[in-house]
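Take a look at the structure below.
The values are calculated or read from the model by the stated rules, or taken from the named source; none is laboratory data. Every value quoted in this text rests on a predicted model; they were computed, and no experiment measured them. Neighbour counts run over all protein chains shown; Cβ positions are idealised from the backbone, glycine included.
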Protein chains: 2
Amino acid sequence: MLFIVGLGLADERDITVKGLDAVKQSERVYLEAYTSLLLVPKEKLEEFYGKEVVVADREMVEMEADTILEGAKERDVSFLVVGDPFGATTHTDLELRARSLGIPVRVIHNASIMNAVGACGLQLYRFGESISIVFFTATWRPDSFYDRILANRREGLHTLCLLDIKVKEPSLESLARGRKVYEPPRFMTINTAIEQLLEVEAARQQGAYSPDTLCVGVARIGSDTQRIVAGSMQQLLDVDYGPPLHSLVIAGNTHPIEDEYLRQFSVAAAAGEATAAAAAAGQE
Amino acid sequence: MLFIVGLGLADERDITVKGLDAVKQSERVYLEAYTSLLLVPKEKLEEFYGKEVVVADREMVEMEADTILEGAKERDVSFLVVGDPFGATTHTDLELRARSLGIPVRVIHNASIMNAVGACGLQLYRFGESISIVFFTATWRPDSFYDRILANRREGLHTLCLLDIKVKEPSLESLARGRKVYEPPRFMTINTAIEQLLEVEAARQQGAYSPDTLCVGVARIGSDTQRIVAGSMQQLLDVDYGPPLHSLVIAGNTHPIEDEYLRQFSVAAAAGEATAAAAAAGQE
């Protein structure tokens, strides 16, 4: 049996009891680690599972799928995916290949940013199409997301912006030299995403959004250090959200219940919180 | 502390390890049971938790919120929600009331139909706004979902249709007599949803969809008896999907990878599967 197990969002205890059972009974355990990542290192997982975890990067999943699936017809193998197994599309190949080999597959679901973003107080059924924002480079500044935000906003819908993560990317120079050297991992911040969004609006000028548009920045959802800040795009530009992972929501039309819920996360409230925390720290 | 704990989709083992910890350390445990339900009875949860579980219906959460929150400043109380805590909006009041009373709140996420529907092979980031379809009555046939399906389909997006569930609804006659008698629980089937959709299309005639539109029926997602069937709306009309819960996806434009994945769920494949199962059963 191939178990494809969602790990949820933050740490080793976000796995489901069903998922943990699958891992414990598996002969080999792989961790997909290039579309997202947990907020704890793999060693924490190994300690919690009492098992070795093999990190499977993109190359391994694509090139060595048969190694991963070896013997899975008779014995159990777990393939762990951060979030829900269907949040990313990249493991679909592995699943289809398993099925074509006659290996039974069992998917164990979990939370992903696609539903946990509801924690910001904007109602999930009022979200339109999600978008991804990738790091701009000097020569590559893809802005196809702009039309989709425009379409969502015209319908009054919220837009979840998934922000780029780069894990184990070969550097361009190393590719040119024919020997791969990997760049350090990079994670797009909410701040960078807003900069890029505003640059695209300035170029396109169709009014999909503006510096005054209500947005919600969400960082490390589901963890003890989760941070949610609501305010205009301009106000959110200079907030420090802390370590990865970050996502951004561009609000559409909001309902009074959404407004009431968002109030606790407003930039002003967040600043008050920070002041209170500083005061509390000062008292210690 | 008030823990708001997502239970996931199918059974008692879909809770996360973090959620289970919260339940075990709680003095009182409530189960929200009117927006969705698990596929196992509450007794299964009680046995697994080793704790009494109080079913909280809509009236209780709205009228007796203070009873639920009593003492939660000093001790732990868990409020369990099927799926993810933010899949439904109905518990938001409870959370806001807890915060206004100075009770710390901790949300523990899980899978919900909003992300687990990815199991059908249509990619989550290609879904537009979700809709809800309620049971038509002789006098009340609300069809506002039609415009939203139309908008999604024009953008080539998939539409998740959440199907009505009626748990503990007072019967109209009993309300007229001034003494509430509750109707037995009812759950909309994919078949009924399609009938209602086709009726609305026949009346509106704007071509949001037709009997030929590709759809995917999903039943009991995340359980051992999960059933996913892909085909035209007409083809799906007569399929037996088994017991609740059911949801329906109306496909937008599909990508070849989505088509490949869907193939394993096609009506023809499903019929073949049923035949194979019947043959296997016959051999026993």
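Beta carbons closer than 7 Å, at least 6 apart along the sequence or on distinct chains, pair a first residue in the stretch B:37-52 that is without any contact (Cβ under 8 Å) to a residue 12 or more places away in the chain with a second that is surrounded by 12 or more Cβ atoms within 10 Å (Cβ to Cβ) for B:E46/B:V53.
Do the conditions hold for B:E201, that is, is it acidic (D, E) and over 18 Å from B:V229 (Cα atoms)? Yes: the conditions hold for B:E201.
So for the stretch A:178-186 (the condition being touching a residue at least 40 places away in the same chain (Cβ under 8 Å) and among the aliphatic types (A, V, I, L, M)), does at least one residue qualify? Scanning the stretch A:178-186, I find no residue that is touching a residue at least 40 places away in the same chain (Cβ under 8 Å) and among the aliphatic types (A, V, I, L, M), so the answer is no. For the stretch B:1-36, which residues satisfy the criterion of being part of a loop (DSSP other than H, G, I, E, B), touching a residue at least 60 places away in the same chain (Cβ under 8 Å) and not small (G, A, S)? The answer is B:M1, B:L7, B:L9, B:D11, B:I15, B:Y34, B:T35. Filtering A:I108, A:I131, A:I103 for residues that are farther than 28 Å from B:E155 by Cβ and within 11 Å of chain B (Cβ to nearest Cβ) leaves a single hit, A:I108. Search the stretch A:155-197 for residues being acidic (D, E) and in a helix (DSSP H, G or I), and hand back the single one that is surrounded by the most Cβ atoms within 10 Å (Cβ to Cβ). Out of the qualifying residues, it is A:E195. Flag not set for B:G83, criterion: in contact with a His (Cβ under 7 Å, 6 or more places away or on another chain) and within 14 Å of chain A (Cβ to nearest Cβ). Considering the stretch A:47-71, and only residues there that are modelled with pLDDT under 90 and assigned to a loop (DSSP other than H, G, I, E, B), the residue that is surrounded by the most Cβ atoms within 10 Å (Cβ to Cβ) turns out to be A:D57. On the basis of being under 15 Å from A:T159 (Cα atoms), modelled with pLDDT under 95 and facing another protein chain (nearest Cβ under 8 Å), does B:L124 make the cut? So B:L124 passes the test.
Restricting B:A138, B:A151, B:A176 to those that are within 11 Å of chain A (Cβ to nearest Cβ) and over 20 Å from the mean Cα position of the chain (by Cα) reduces the list to B:A151.
Could you please give the count of residues in the stretch A:127-154 that are β-branched (V, I, T) and surrounded by 14 or more Cβ atoms within 10 Å (Cβ to Cβ)? Break it down stepwise before answering.
Quick first cut of the stretch A:127-154, residues β-branched (V, I, T) only: A:131, A:133-134, A:137, A:139, A:149.
Now drop any that are not surrounded by 14 or more Cβ atoms within 10 Å (Cβ to Cβ), which leaves A:131, A:133-134, A:149.
The qualifying residues number 4.
Checking each residue in the stretch B:1-16 for being more than 7 Å from chain A (Cβ to nearest Cβ) and surrounded by fewer than 23 Cβ atoms within 10 Å (Cβ to Cβ) picks out B:M1, B:D11, B:E12.
When the stretch A:224-254 is filtered for residues that are touching a helix residue (DSSP H, G or I) at 6+ places or on another chain (Cβ under 9 Å) and under 21 Å from B:H109 (Cα atoms), the ones remaining, listed by number, are A:Q226, A:R227, A:I228, A:V229, A:A230, A:Y241, A:L245, A:H246, A:S247, A:L248, A:V249.
Restricting the stretch B:17-46 to residues that are crowded, with 17+ Cβ neighbours inside 10 Å, farther than 10 Å from B:S78 by Cβ and among the basic types (K, R) leaves a set whose member that is modelled with the highest pLDDT is B:K18.
Of the residues in the stretch A:85-106, not one is in contact with a helix residue (DSSP H, G or I) (Cβ under 6 Å, 6 or more places away or on another chain), surrounded by 20 or more Cβ atoms within 10 Å (Cβ to Cβ), touching a residue at least 24 places away in the same chain (Cβ under 8 Å) and assigned to a strand (DSSP E or B).
One residue stands out among those in the stretch A:232-272 that are charged (D, E, K, R) and in a helix (DSSP H, G or I): the one that is nearest to A:R126 (Cα to Cα), which is A:E258. Note on the stretch B:203-229: residues that are of a type in the set (A, V, I, L, M, F, W, C), within 14 Å of chain A (Cβ to nearest Cβ) and in a loop (DSSP other than H, G, I, E, B) total 1. Being farther than 21 Å from B:G118 by Cα and of a type in the set (S, T, N, Q) is a property that holds for A:S26. In contact with a Ser or Thr (Cβ under 8 Å, 6 or more places away or on another chain) and without any contact (Cβ under 8 Å) to a residue 60 or more places away in the chain, is that true of B:V61? The answer is yes for B:V61. Among residues that are facing chain B (nearest Cβ under 8 Å) and within 23 Å of B:L124 (Cβ to Cβ), A:H91 is not included.
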